[in-house]
1. What are the chymotrypsin sites (Phe, Trp or Tyr not before Pro) within segment 70-171 that DSSP puts in a loop, where the Cβ has at most 13 other Cβ atoms within 10 Å?
2. How many nm is it between the label spots at Asp84 and Asp304, if each spot is 7 Å from the Cα in line with the beta carbon?
3. Determine how many Å³ per residue the convex hull of the Cα atoms of segment 60-114 encloses.
4. If you take every residue apart from Pro221 with its C-beta less than 10 Å away from the C-beta of Pro221, what net charge results, scoring Lys and Arg +1 and Asp and Glu -1?
5. Residue separation times 0.36 nm, minus the C-alpha to C-alpha distance between Glu235 and Glu109: what's the value?
6. Through the Karplus equation 6.51 cos²θ - 1.76 cosθ + 1.60, θ set to phi - 60°, convert the phi angles of segment 217-222 into ³J(HN,Hα) values in whole Hz; use x for Gly and Pro.
7. Check which residues have an amide H placed less than 5 Å from Gly89's amide H, if you skip close sequence neighbours.
8. What is the fewest-to-most order of Ser137, Ser75, Ser104 by other Cβ atoms lying within 10 Å of their Cβ?
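Derivation of every value follows stated rules applied to the coordinates shown; laboratory data play no part. Source: prediction; values computed, not measured. Note that we place each Cβ from the backbone using ideal geometry, even for glycine, and neighbour counts take in every protein chain shown.
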Amino acid sequence: MIRIIIFLLILAIACAAFTGCANQAAPEKQPETTSAAAESPTVQSPVSATTAPANADLTLAAIKKAAEAAGYIISDGHQFILMDGIVGGITIEIVADGAHTLYSVAECETEEVAVRNAKNIDDAGYAVALRNGKFISSYDAERKGEERKEILTSILAGNPLPAPPYPAATQTPQQNLEVIPAYDRDAIPDDGMQEGQGFVEYGDLFIKIIGMEKKLLGDQPGIVLNYELTNLSDESVDTQGALYVEVLQNGRELKHPDAFESVYLTITELAPNETLAFYDEYLLDNEMDPVEAKIRQFLVMVSDPLCVYKTFPLD
């Protein structure tokens with residue numbers, strides 16, 4: 001990012017600006033920081049010019065090609081659709097830090113736009129932004145471990161680490177044989193909460209929570225949540241990134257165990273009137289308090305989004 005430099009600025013500040021520093025005087029070598037930890041509105045995110053020098057020849061197509069060659073499963077599209085100045089992106093399946101998760105890489109119009117978007121991600125507090133030139137990515141802030149950061153940093157640099165092995169899918173879609181009530185938004189409570197079964201936004205997907213069972217996951221107490229997703233639209237839908245599932249105990253979100261095999265991430269196409277059964281595994285905080293499951297459509301930015309929920313006692 002280069003701004004017009006006032007005529008009498010000293011040479012050291014000019015050099016800092018031309019090397020990608022955040023419009024302020026800085027040492028020649030800047031320690032890696034997150035923009036959430038600094039007050040400057042243009043401070044760099046963790047993948048900065050000091051850790052992953054911007055390559056003027058790097059393109060989104062080159063990033064995608066290199067990641068595919070390294071063994072990653074990639075689809076077109078991204079999770080930054082509500083951000084300004086995004087010109088394209090890809091979504092990558094990554095197995096890291098005990099989870100099998102989708103992460104996006106997006107290309108911004110300019111490096112200045114990328115810096116602004118990365119800061120917005122950090123300021124929201126839910127994710128940590130990574131940036132290399134005009135390319136951005138992010139990972140969840142709460143989950144422990146550094147594998148995601150290392151993998152995403154290498155992908156953003158166009159030199160990805162080898163992909164960890166993916167779990168195999170164990171479920172296949174089936175034709176839906178149940179009668180599902182017609183979608184009627186007026187019949188749904190104003191807060192969008194539907195107990196046990198219901199619709200996500202626009203009525204084209206139907207969720208049914210089947211049940212929950214306690215299970216020993218490794219040497220720790222846990223639960224397995226079973227639910228179904230039915231495609232009510234006239235077109236096939238991509239299940240990757242379609243739903244956002246929260247499982248809570250005492251208001252605290254439960255975590256997946258290490259090496260959790262997510263069928264949800266490995267099945268991509270769901271044809272019209274097909275139903276796919278899902279299972280999710282979670283580690284319990286304790287074996288006494290009830291567990292609440294909440295499922296809604298991913299990235300629906302509306303107040304009171306439609307949500308299917310169910311509470312399960314553990315006794």
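1. Answer by residue number: Tyr126.
2. 3.0 nm
3. On the way: hull volume 4.9 nm³, N = 55.
Cα-based convex hull of segment 60-114, divided per residue, equals 90 Å³.
4. Working: positive: Lys214, Lys215; negative: Asp219, Asp285, Glu287.
Neighbourhood net charge equals -1.
5. 42.2 nm
6. For segment 217-222, the Karplus-derived couplings read 9, x, 10, 10, x, x Hz, x marking Gly and Pro.
7. Gly77, Glu107
8. Ser75, Ser104, Ser137
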